[in-house]
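In what follows, a single structure is set out as structure tokens and then discussed.
No lab work stands behind these numbers, since they all come straight from the coordinates. On a predicted model such as this, the values are computed, not experimentally measured, just so you know. Every residue, glycine among them, receives a Cβ derived from its backbone with ideal geometry; neighbour counts consider all protein chains shown.
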Amino acid sequence: MKQVIIVNESLRLPPGKLAVQVAHAAVAAFLVTSPEIQEKWIEAGMPKIVLGVSHEESLVRLFDAAQRVHLPTYLVRDAGKTVLPAGTITCLGIGPAPSVSVDALTGNLALLP
């Protein structure tokens, strides 16, 4: 079991803003997951990993692909209250879900530096 959060690196978010956006993705994706999977993930120690992509279009493609295979997902769109215009896609949460299912979509992505 794992959760993956994928960040739109082209935005070059300040560290605090990045942390908040990743937290939004992690919590929201968790909340759309079934209670059974939530419990298994918690028991596994809530493993998660943060990856990066170079542009918003990659996040949208990954979101669509994850939805097609019925993985829990959440695409974060910023509210526009601080450094970004409202609606800017900042990151994507996938899972928690079985690692093999998540890795099938995200295994080729690089860790966020």
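Give the stretch 64-105 a look and list any residue that's closer than 19 Å to I37 by Cα and assigned to a helix (DSSP H, G or I), or say none. Quick ask: steps written out before the conclusion?
Here is the first cut: in the stretch 64-105, the ones closer than 19 Å to I37 by Cα are 66-74, 92-105.
Selection gives A66, Q67, R68, S99, V100, S101, V102, D103, A104, L105.
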Filtering the stretch 102-113 down to residues that are without any contact (Cβ under 8 Å) to a residue 60 or more places away in the chain, in contact with a strand residue (DSSP E or B) (Cβ under 8 Å, 6 or more places away or on another chain) and either among the polar types (S, T, N, Q) or more than 23 Å from W41 (Cβ to Cβ) (or both) yields A110
Residues in the stretch 1-21 that are under 14 Å from the mean Cα position of the chain (by Cα) and under 17 Å from V102 (Cα atoms) total 6
Of the residues in the stretch 22-48, those that are over 14 Å from S99 (Cα atoms), not polar (S, T, N, Q) and not in a helix (DSSP H, G or I) come to V32
Going through the stretch 76-100 in order, the residues found to be in contact with a Leu (Cβ under 9 Å, 6 or more places away or on another chain) and either buried (at least 21 other Cβ atoms within 10 Å of the Cβ) or polar (S, T, N, Q) (or both) are V76, D78, T88, T90, C91, L92, G93, I94, G95, A97
ask   = Is it the case that some residue within the stretch 29-45 is within 23 Å of L84 (Cα to Cα) and under 12 Å from the mean Cα position of the chain (by Cα)?
value = yes
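Considering only residues that are touching a residue at least 12 places away in the same chain (Cβ under 8 Å) and touching a Ser or Thr at 6+ places or on another chain (Cβ under 9 Å), look in the stretch 76-90 and name the one that is farthest from L31 (Cα to Cα).
The qualifying residue farthest from L31 (Cα to Cα) is L84.
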